[in-house]
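Trainee: Please find one structure pasted underneath; my questions will follow.
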Amino acid sequence: MLKVSGIGQCSIDYISLIDEFPAENTKLQVTPYQTFGGGPVATALVTLSRLGVKTKFIGVISDDDAGALIKREFIKEGVDISHIIEILNKRSQTAFILVNNNNGRRTIFWSKPTAEIQNAEVPKDFILGSSLLHLDGYLFDIAIPALIIAKKNNISVMIDIGSFSEQRYDIVKLCDYVVCSEVFSDALCQGDHEKTLKKLIENGTIIATVTLGSRGSLTAVGNKIFHQPAYVVKAVDTTGAGDVFHGGYIYGLINKWDIVDTLKFASASAAIKCLKLGGRDGIADLETVKDFINKKNNF
């Protein structure tokens with residue numbers, strides 16, 4: 001069975017719907033918040049788990065209520081968390097998210113965990129046997145040693161990179177597959193996304209992608225660049241769409257699909273997710289995604 005290991009953020013998201021964003025120094029009634037699991041790598045692994053891939057995760061939590069919820073959400077989805085790092089008497093990562101009821105767009109207020117890693121070691125058995133290691137540009141003290149183990153053992157590495165820093169860029173240059181945000185591209189090449197892709201390929205990246213939200217994505221393979229449009233749906237909530245996109249992307253990679261088919265699948269997975277509130281409730285299984293693509297192609 002195909003296996004994917006992931007290292008990165010995990011969160012509990014508290015989500016409420018609003019009809020308009022509040023002005024400063026005002027009050028606004030929102031819908032009762034609902035609770036969901038979140039985090040970039042975490043949600044990508046849940047996506048893969050629903051697609052039938054065996055997954056395992058390393059992240060940091062504490063022994064608080066949010067930490068217990070994070071673990072429960074993973075266990076429910078069949079993600080192996082036997083290597084998760086739990087630090088006592090601290091705070092797990094949480095986010096409060098306001099979702100626009102008219103268009104599904106979200107605004108995220110997040111608080112990073114106070115639980116910090118000290119002298120953590122990456123067990124080799126966490127990496128070895130995996131088809132791919134997935135990172136998100138956080139938890140450097142674990143991610144970098146894991147990346148080195150993966151490279152030494154010919155295990156592919158993909159990174160979901162949202163923001164730019166020199167340290168993150170050093171890690172990016174070691175990854176086989178890079179999926180970056182417009183924010184990252186803006187910082188690296190002043191918003192010239194094709195230049196960003198070319199630079200990543202020159203660094204040794206096998207396939208590089210810049211995600212563009214509702215405008216789809218741009219992907220480079222060698223000296224070829226192509227655009228994958230986003231599938232149009234009436235979005236309820238875009239929270240987690242990018243994370244699900246990465247999960248679908250990885251599914252295509254580890255199954256050795258053509259990159260065009262991989263991007264269609266990733267885009268469709270993300271679009272379907274947007275039909276439900278929260279980052280994970282809308283994640284579809286394999287047949288649902290394939291049916292969605294077929295219907296859109298035959299429209």
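Every number in this text was worked out from the coordinates using simple rules, so none of it is lab data. Keep in mind that this is a model prediction, so the values were computed, not measured. Here the Cβ positions follow ideal geometry from the backbone for every residue, glycine too, while neighbour counts run over all protein chains shown.
Trainee: Among the numbered criteria (1) in a helix (DSSP H, G or I); (2) surrounded by fewer than 21 Cβ atoms within 10 Å (Cβ to Cβ), which single criterion is violated by Thr43?
Mentor: For Thr43, the exception is condition (2).
Trainee: How many residues are closer than 16 Å to Asp80 by Cα and either in contact with a Ser or Thr (Cβ under 6 Å, 6 or more places away or on another chain) or outside any helix (DSSP H, G or I) (or both) when one looks only at region 46-65?
Mentor: 13
Trainee: Restricting to strands (runs of 3 or more DSSP E) lying wholly in region 154-232: which have 2 or more residues that are closer than 26 Å to Gly39 by Cβ?
Mentor: It comes to 156-161, 177-180, 207-211, 217-221.
Trainee: Just to be sure before I move on: is Lys264 touching a residue at least 12 places away in the same chain (Cβ under 8 Å), over 25 Å from Asp13 (Cα atoms), in contact with a strand residue (DSSP E or B) (Cβ under 9 Å, 6 or more places away or on another chain) and not aliphatic (A, V, I, L, M) in the structure I sent?
Mentor: When the stated conditions are applied, Lys264 passes them.
Trainee: Taking region 239-257, which residues are surrounded by fewer than 23 Cβ atoms within 10 Å (Cβ to Cβ) and under 18 Å from Lys296 (Cβ atoms)?
Mentor: Those that are surrounded by fewer than 23 Cβ atoms within 10 Å (Cβ to Cβ) and under 18 Å from Lys296 (Cβ atoms): Gly252, Trp257.
Trainee: Restricting to region 105-125, name every residue that is touching a Leu at 6+ places or on another chain (Cβ under 9 Å) and not in a strand (DSSP E or B).
Mentor: Ala115, Ile117, Ala120
Trainee: Right, something else. Which one is farthest from the chain's Cα centre (by Cα) among residues in region 255-299 that are assigned to a helix (DSSP H, G or I) and among the charged types (D, E, K, R)?
Mentor: Restricting to residues being assigned to a helix (DSSP H, G or I) and among the charged types (D, E, K, R), the top hit is Lys295.
Trainee: Further, regarding this structure: Within region 158-168, how many residues turn out to be surrounded by fewer than 17 Cβ atoms within 10 Å (Cβ to Cβ) and either touching a residue at least 12 places away in the same chain (Cβ under 8 Å) or among the hydroxyl-bearing types (Ser, Thr, Tyr) (or both)?
Mentor: Qualifying residue count, region 158-168: 3.
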